[in-house]
Amino acid sequence: QVQLVESGGGLVQPGQSLRLSCTASGKAFSRDALSWHRQAPGKQRELVARIRSGGSLVYADSVKGRFTISRDSARNTLYLLMNSLKPEDTAVYYCSLHTPSRVYWGQGTQVTVSS
């Protein structure tokens, strides 16, 4: 059974940084695509960043230059380094693993940016 567990969320002030982690069990990352999405209250879930199966990176315009997605295949862990955080980055952040047959989601981790 594939499970994804996110960690690293919390409450920070504007301008500060956080690093989210997503550790997978039950399946090695292999060449699967991996993503971070977020969902703010009253809004739809949106893509934040993705590592495509070929390795190229995709970022939402709102986070380009501030967020960095990366993976550690040896640890089966996906990361999202978030710098220069803004109040509008406040949301629940979810990682996902995209296989040919289905998409697996983590339970989410809350990020709150507030002074």
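The values are calculated or read from the model by the stated rules, or taken from the named source; none is laboratory data. Given the structure is predicted, the values throughout are model-derived calculations rather than measurements. Note that we place each Cβ from the backbone using ideal geometry, even for glycine, and neighbour counts take in every protein chain shown. We work out accessible area using only protein heavy atoms, side chains counted, and drop any ligands, DNA or RNA first. Shrake-Rupley method; radii C 1.70, N 1.55, O 1.52, S 1.80 Å.
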Pairs only if they're at least six apart or on different chains, beta carbon under 8 angstrom, first in the range 64-80 and within 13 Å of S96 (Cα to Cα) and open to solvent by less than 20 Å² (accessible area, probe 1.4 Å), second assigned to a loop (DSSP other than H, G, I, E, B) and not aliphatic (A, V, I, L, M); list them, first residue then second.
L78/F29
Every residue from the range 62-115 that is under 14 Å from R50 (Cα atoms) and basic (K, R)
K64, R71
Output the residues belonging to the range 57-91 that are within 22 Å of K27 (Cβ to Cβ) and out of contact with any Lys or Arg (no Cβ under 9 Å at 6 or more places or on another chain).
S70, R71, D72, S73, A74, R75
When residues of the range 1-30 are limited to those that are of a type in the set (G, A, S) and open to solvent by 50 Å² or more (accessible area, probe 1.4 Å), the one modelled with the lowest pLDDT:
S30
Counting just the residues of the range 53-63 that are closer than 28 Å to Q13 by Cβ and in contact (Cβ under 8 Å) with a residue 12 or more places away in the chain, which one comes out most open to solvent (accessible area, probe 1.4 Å)?
L57
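Give me the residue from the range 88-107 that is of a type outside the set (S, T, Y) and part of a strand (DSSP E or B) and, out of that set, surrounded by the fewest Cβ atoms within 10 Å (Cβ to Cβ).
Initial filter on the range 88-107 (of a type outside the set (S, T, Y)): 88-89, 91-92, 95, 97-98, 100, 102-103, 105-107.
Now drop any that are not part of a strand (DSSP E or B), which leaves 91-92, 95, 97-98, 103, 105.
Numbers: A91: 22, V92: 18, C95: 28, L97: 24, H98: 16, V103: 11, W105: 16.
Checked the range 88-107; the qualifying residue surrounded by the fewest Cβ atoms within 10 Å (Cβ to Cβ) is V103.
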If A33 satisfies all but one of (1) open to solvent by 50 Å² or more (accessible area, probe 1.4 Å); (2) among the hydrophobic types (A, V, I, L, M, F, W, C); (3) touching a His at 6+ places or on another chain (Cβ under 8 Å); (4) more than 16 Å from G108 (Cα to Cα), what's the number of the condition it fails?
(1)
Among the residues of the range 75-87, write down those that are assigned to a strand (DSSP E or B) and over 14 Å from D32 (Cβ atoms).
Y79, L80, L81, M82
